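Input: a single structure, listed below in structure tokens.
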Amino acid sequence: MTRAFLIVLDSVGIGGAPDAESFFNGDTPDTGANTLAHIAREAAAGRAEKGRSGPLKMPNLGRLGLASAVELASGAEAPGLPGTSEGLWGAATEVSRGKDTPSGHWELAGVPVPWDWHYFPDEKPAFPTSLMEEAARLAGTDGTLANCHASGTEIIARLGDEHVRTGWPICYTSADSVFQIAAHEEHFGLERLLDLCKALAPVLHEMKVGRVIARPFVGESGGYTRTAHRRDFAIRPPAPTLCDWVQAAGQKVHAVGKIGDIFSMQGIDDVVKGADAELMDHLVGLVDRAEHGSLTFANFVEFDSKYGHRRDVSGYASALEWFDACVPRLFNAASEGDLFLFTADHGNDPTWVGTDHTRERVPVLGWGAGEKAIGNVAFADVGASVAAHLGVPSEGPGRSFL
């Protein structure tokens, strides 16, 4: 049986991006950012002790060659990781001019982004008046709240009461090319929020804003919390991706996590969502039952959303160790002919300044392709390699490293 499992550890970068100096967190360039190496350094130094202890423990991905990939990408050491390289290993470099989710995933799937994304200025108001008027019209309200850059958890804590009182949606952005709308699932309505984001998305996509993100929350004053019902309404990829190539060959594409949203369901047969722990259970189930010739494309987002943006080193380290401990479940359920590729879409160094993603190379680790050093490759080579494994014709600039 020939199958492929492409698994993205969202934001687990390994430093060394050759153009990092042209990407910023505030006024600080991303030069020197290294998500994995810096977490390993902090853990080894006893500075990541909340909820865990000691050096970073990732024996399973470590055995595939994770430490070697870090050193290749950036010349850095990752204390605590095994020095062996028993699988396929290397590092990938992005060419798209963005350090965001769509850019990274599309390019991993063979399609670099051919345009510059639109970013909203970090000032108040952040959005043009015409856009806010359209948002209010579609929401059926007399106005909107926020209109600024903000942390999602901070903005609902600050404006949740006013939102509940007025019914006005909370509209905010970040350093990414995104427009986010937060609303209470009960007072505003979950379906109403999703409908609002869906209706407004074409306006933002025309501006080359990558995603309109629904950010539902629940709770009462002083205790608002976001829910797992987030949904991203992303601009469509500019060309057929790996998902389309596989579908065009008559083979199935299973999405795990936010992959369906990232690709606007283009080239996707079915999708499962949930918290990362639930997604791991779904992924193990797909390893057990997915069809011959199928692609399973998974994203584990909590490294990024819960720990990277919040600059939580201990939490990020714990999440990495949890994921690594789950890896044997995947391999134990595998069949002969399966290929597993583990990679990332960008960095989000929790030791860095600011709260934005960081421009970094990413690891490429493989199980099922033997012991092989692939060197520094392109993001697009990942998609081309998956296509080659599945016997599917590929398009675009990528070249297989298998």
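Annotations
- Within the range 331-363, considering residues that are touching a Leu at 6+ places or on another chain (Cβ under 7 Å) and assigned to a strand (DSSP E or B), the one nearest to Ser103 (Cα to Cα): Thr343
- Considered as a group, the residues in the range 89-101 that are modelled with pLDDT of 95 or more and not in a loop (DSSP other than H, G, I, E, B) include one that is surrounded by the fewest Cβ atoms within 10 Å (Cβ to Cβ), and that residue is Thr93.
- Residues within the range 292-311 that are assigned to a loop (DSSP other than H, G, I, E, B) and among the hydrophobic types (A, V, I, L, M, F, W, C), tallied: 1
- Output for the range 147-175, where each listed residue is polar (S, T, N, Q), over 22 Å from the mean Cα position of the chain (by Cα) and surrounded by 16 or more Cβ atoms within 10 Å (Cβ to Cβ): Asn147
- For Gly370: the one exception among (1) in a strand (DSSP E or B); (2) at positive phi: (1)
- Of the residues in the range 312-330, at least one is surrounded by fewer than 18 Cβ atoms within 10 Å (Cβ to Cβ), touching a residue at least 12 places away in the same chain (Cβ under 8 Å), out of contact with any Gly (no Cβ under 6 Å at 6 or more places or on another chain) and in a loop (DSSP other than H, G, I, E, B).
- Of residues in the range 132-146 being touching a Leu at 6+ places or on another chain (Cβ under 7 Å) and small (Gly, Ala, Ser), the one surrounded by the fewest Cβ atoms within 10 Å (Cβ to Cβ): Ala139
- Residues of the range 176-191 satisfying the condition of being farther than 26 Å from Gly308 by Cα and either surrounded by fewer than 16 Cβ atoms within 10 Å (Cβ to Cβ) or at pLDDT below 95 (or both): Glu186, His187, Gly189, Glu191
- Of residues in the range 2-33 being under 21 Å from the mean Cα position of the chain (by Cα) and among the charged types (D, E, K, R), the one farthest from Val377 (Cα to Cα): Asp30
- Residues of the range 104-129 that turn out to be aliphatic (A, V, I, L, M) and either farther than 28 Å from Asp244 by Cα or at pLDDT below 95 (or both), as a count: 1
- Residue list for the range 254-291, restricted to those being without any contact (Cβ under 8 Å) to a residue 60 or more places away in the chain, in a loop (DSSP other than H, G, I, E, B) and at negative phi: Gln266, Ile268, Asp269, Lys273, Ala275
The values are calculated or read from the model by the stated rules, or taken from the named source; none is laboratory data. What you see is a predicted model; the values in this text were computed from it and never measured. We place every Cβ from the backbone using ideal geometry, glycine too, and count neighbours over all the protein chains shown.
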